1. Can you tell me which residue is nearest to ALA179 (Cα to Cα) among those in the stretch 149-161 that are hydrophobic (A, V, I, L, M, F, W, C) and loosely packed, with under 15 Cβ neighbours inside 10 Å?
2. Any residue at all in the stretch 49-65 that is without any contact (Cβ under 8 Å) to a residue 12 or more places away in the chain and part of a strand (DSSP E or B)?
3. Just need a number here: residues in the stretch 66-113 that are touching a strand residue (DSSP E or B) at 6+ places or on another chain (Cβ under 8 Å), assigned to a helix (DSSP H, G or I) and of a type in the set (A, V, I, L, M, F, W, C).
4. Which of the helices (runs of 4 or more DSSP H) found entirely inside the stretch 186-302 contain at least 3 residues meeting this: at pLDDT 60 or above and of a type outside the set (S, T, N, Q)?
5. Closer than 30 Å to ASP69 by Cα and either among the aromatic types (Phe, Trp, Tyr) or exposed (fewer than 13 other Cβ atoms within 10 Å of the Cβ) (or both): does that describe GLU99?
6. Of the residues VAL169, VAL137, only one is β-branched (Val, Ile, Thr) and closer than 18 Å to TYR86 by Cα; which?
7. Search the stretch 102-137 for residues being more than 30 Å from SER40 (Cβ to Cβ) and not aliphatic (A, V, I, L, M), and hand back the single one that is surrounded by the fewest Cβ atoms within 10 Å (Cβ to Cβ).
Amino acid sequence: MVKRSFRCCAVVLVAAMILLAPLSLQPARAQELGEEGYYSITEEYRIELNEIGDARITDTITYDQEWFDEFGFLFEENPNLLSRRYRADSNVGEVESFEVDIDSGDATIVVTFETPGLAYKLAGGWTVFGYGDYELVEEGDDEFVLRAAWTIANEYSLFETMDLAEEVVIDLPEGARDAAFDTATGAIEYELDYVAKGGGFLGENKTAFIIVFAIVLALSLILLLYVLTRKPQAPAAAGAAAVEAPLESPQPPPATARAPGIEPQAGASGAEPAEKPRFCRKCGHPHGSPEERFCRKCGAPH
């Protein structure tokens, strides 16, 4: 009876060991396949604010070397995987000057970009929202350090479940004062006198240039309307005016005075043929027939 009981216990023990053996090997297999909880990511998210609330972001993400050696090339082939997170971030309105630096040797990706208007100028001062789930580590008038831990399965992990340890460093602009972290709203508030962006000579004389440009534009429009609406004089009207003008009759040239007894010579341009003298110019003897060429008394030519 005792032997039978011992045999039964031995059979049950062997069966239990056979059933538990696959379960004991499961964690090792999960580690080999890279399943949940095996790989992890560390991230430093640095925000540098300027005096008008614009920010420059430097995000440094460090992976496990083993995982990155196998899958890191996918980030180089698909850089949009890295920008989706920021474009979906409700705290980031715009993403400008986006750049990615991938270091395969250190299994590190450094993402840099700029976003305008990250800090808001409210009645109580400047405010940066969006850190309600973070723990305050360091606080000062020039820098804040916040930390949080997540489990992610997004573009950063290529949709593989990983643990993420994130540290956010916020560098406040020079001259910031009375900085504080509001744990209730997750907002960072600070005081800073607002300084508008300088526009140089054009910015300082903006009103004068607007007035001058408006006057020039108005004059240009008036000139354009004058050119388009002016009616040119028709050629027919000009001809009719020429026909209607009275024609002046040509006046004869004034007669030239001549000595008594001297007749003008024939053949002169524009004059009537002159009559031959009837007396000799030398001796005064009367001429005879018209065909006579010499004086019959003194022989002088007529």
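1. Checked the stretch 149-161; the qualifying residue nearest to ALA179 (Cα to Cα) is ALA149.
2. The answer is no, given that none of the residues of the stretch 49-65 is without any contact (Cβ under 8 Å) to a residue 12 or more places away in the chain and part of a strand (DSSP E or B).
3. Summing the residues that are touching a strand residue (DSSP E or B) at 6+ places or on another chain (Cβ under 8 Å), assigned to a helix (DSSP H, G or I) and of a type in the set (A, V, I, L, M, F, W, C) in the stretch 66-113 gives 2.
4. By residue number, 200-204, 206-229.
5. So GLU99 passes the test.
6. Numbers: VAL137 fails: closer than 18 Å to TYR86 by Cα.
Only one candidate passes the filter, namely VAL169.
7. GLY124
Residue by residue, here is whether (1) surrounded by fewer than 17 Cβ atoms within 10 Å (Cβ to Cβ); (2) modelled with pLDDT of 95 or more holds:
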residue: TYR38; (1), (2): no, no
residue: GLU51; (1), (2): no, no
residue: TYR63; (1), (2): no, yes
residue: PHE71; (1), (2): yes, no
residue: GLU76; (1), (2): yes, no
residue: PRO79; (1), (2): yes, no
residue: ARG84; (1), (2): yes, no
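The values are calculated or read from the model by the stated rules, or taken from the named source; none is laboratory data. Since the model is a prediction, treat every value here as computed from it, not as a measurement. So basically every Cβ, Gly included, is an ideal-geometry build from the backbone, and we count neighbours across all protein chains shown.
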